[in-house]
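The next block holds one structure in the form of structure tokens; read it before the comments.
The values are calculated or read from the model by the stated rules, or taken from the named source; none is laboratory data. These numbers come from a predicted model, not from an experiment. No Cβ is skipped: glycine too gets one built from the backbone with ideal geometry, and neighbour counts run over all protein chains shown.
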Amino acid sequence: MKKPDELLRLLLYHAVSGGSLRTTVAQAKVAGIASMSPVALFKRLRTSAAWLEWIAAGLCQQLRDVPPVPEGLRLRAVDGSSISKPGSQGTDWRLHYMLDLRTLACDWLELTDASGGEAIARAPVKPGDVILGDRNFSRLKDLQYAASRGAYVLVRLRWKHAAMRTAGGRKFKALEAAGRLRVGEVGAWPVHMVTPEGTQPVSGRVVVVRLPAPLARLAEKRVRRRANKKGRKIDPRTLRAAHFVMVFTTVPEEILSAEAVLELYRFRWQIEIAFKRHKQLLRLGRLPHMNPETGRSWIMAKLVVALLLEKLYRTAGSFSPWGYRIATEHRDSA
């Protein structure tokens, strides 16, 4: 196979068809797309991740806002996804991954069994990284790991978070402080984590915004639904916490204001929603490859397809019989 467009079609088809390598090459041959052995396709898949990431990055530049990150910082979102074998009702593997939010390219992943817990400490972290994560990544050991490597964190807080103190040494609880905020008001408090003597210190800010009443009611509804599904009794503080977005960050205030911190965390939420859509439509939750290189290529191929579908959807909204938009801003007002 000498033409890159033929290889791309074959890789994307394999990612979305759900078939094996052998099935993919057989169907591709019948369709006249390409003639290749399963072993040859495996080798191409294993070495195509960087190419697919480059394609995905180009598509993302057309589709997504660029996060307002100060020069010299790299915004990375960390997350985990459960993966099941065909016919399985539980978690058989867990995919840990990081995305560069400027390009939406996956720059690290690790595949573990179901016992592999989510942790920032699994990933390679460099100075200047700003690691965004949900509540699962707000553990003290994760924050210490990032700080020890010169990286910053911006993570969602649970109401029952690690012990914190103010600059004056007083105990600090985010939910108690948040209770004084009005809707739309942003609160920020400098704090430091209570760490064992001799371990990496962690200082930062707790940044909180109170949600409008309609959004708070929806958040409460989600909390009740999850609790009912698991048969758990809801702590009243869990319901109060649903009225706020509470985050902890180690990015200094002179680099990011409290408002800018919340704006950056909003980008992580958008990426999470996009991945949920990908899992539902493209079956991203079922990984057929155990090899890390082929797994990475398979995931990127899925993302390329998702971005192409999003591009087609947006383009379809502007289709017209004459093929271009009619300008309205210069209409004659007479």
(request) Among the residues of segment 131-166, count how many are in contact with a Pro (Cβ under 6 Å, 6 or more places away or on another chain) and either more than 22 Å from V78 (Cβ to Cβ) or in the same structural domain as L239 (by TED's automatic domain parsing) (or both). (result) 0
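Of all residues in segment 26-49 being without any contact (Cβ under 8 Å) to a residue 60 or more places away in the chain and closer than 16 Å to N291 by Cβ, which is surrounded by the most Cβ atoms within 10 Å (Cβ to Cβ)? Step through it out loud before you land on a result.
Start the filter on segment 26-49 by keeping residues that are without any contact (Cβ under 8 Å) to a residue 60 or more places away in the chain, which leaves 26-41, 43-44.
Those still in the list that are closer than 16 Å to N291 by Cβ too: 38-41, 43-44.
Values: P38: 14, V39: 11, A40: 14, L41: 22, K43: 14, R44: 18.
Checked segment 26-49; the qualifying residue surrounded by the most Cβ atoms within 10 Å (Cβ to Cβ) is L41.
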(request) Give V223, V191, V207 a once-over and let me know the one that is at pLDDT 90 or above, within 24 Å of the chain's Cα centre (by Cα) and under 18 Å from S257 (Cβ atoms). (result) V207
(request) Could you identify the single residue in E197, E254, E185 that is modelled with pLDDT of 90 or more, surrounded by fewer than 18 Cβ atoms within 10 Å (Cβ to Cβ) and not aliphatic (A, V, I, L, M)? (result) E254
(message) Here's a check for you: in segment 3-25, which residue that is among the polar types (S, T, N, Q) and surrounded by fewer than 19 Cβ atoms within 10 Å (Cβ to Cβ) is modelled with the lowest pLDDT?
(response) S17
(message) Considering only segment 224-233, I want to know if a residue exists there that is surrounded by 12 or more Cβ atoms within 10 Å (Cβ to Cβ), in a helix (DSSP H, G or I), touching a strand residue (DSSP E or B) at 6+ places or on another chain (Cβ under 8 Å) and not basic (K, R).
(response) no
(request) Say whether the condition of being out of contact with any Lys or Arg (no Cβ under 9 Å at 6 or more places or on another chain), free of Cβ contacts under 8 Å to residues at least 60 places away in the same chain and of a type outside the set (D, E, K, R) is met by at least one residue in segment 177-188. (result) yes
(request) State all residues of segment 29-48 that are modelled with pLDDT of 80 or more and among the hydrophobic types (A, V, I, L, M, F, W, C); if no residue qualifies, say none. (result) V30, M36, V39, A40, L41, F42, L45
